[in-house]
Amino acid sequence: MREPVRDKGRLEHILEQLDNINEFIAEKSLEDLQNKKVLRFAVVKCLEIIGEAAYMLSLEFKEKHPEVSWNEIVKMRHVLVHGYYHISMPLLWAIITNDLPALRPHIEQYLETMK
């Protein structure tokens, strides 16, 4: 059962993984992601954790904050875990460089209101 009391911890996990991805891709390119296996595996694992943490957020929390596409985040996790052989590196790079920076302010705002 998903508990609202644990939402803060899940959001902290998401923020931690966003920080990890930023650290891992600093001064990197799509070509690095395609050619450096350790980088690719690290980033994919972080995205899987973000997806699992989003899945574990309480339904009440997600309904209260529809400005984030929680279902899309969870679906991405399923693709990464179960459809790993179909991962498009350009799409993954676009998510990392476009979608994740837009997610961060929401997560930070939610955590700020929970203090």
Suppose we filter region 73-96 for residues that are surrounded by 14 or more Cβ atoms within 10 Å (Cβ to Cβ) and of a type in the set (Ser, Thr, Tyr); how many remain?
0
When you scan region 19-115 for helices (runs of 4 or more DSSP H) that lie fully inside it, which ones turn up with 3 or more residues that are in contact (Cβ under 8 Å) with a residue 40 or more places away in the chain and farther than 28 Å from residue 6 by Cα?
30-35, 89-94
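Values quoted throughout were computed directly from the atomic coordinates according to the rules given, and no laboratory measurement underlies them. If you're wondering where the values come from, they're calculated on a predicted model, not measured in any experiment. In this analysis, Cβ positions are derived from the backbone assuming ideal geometry, glycine residues included, and neighbour counts consider all displayed protein chains.
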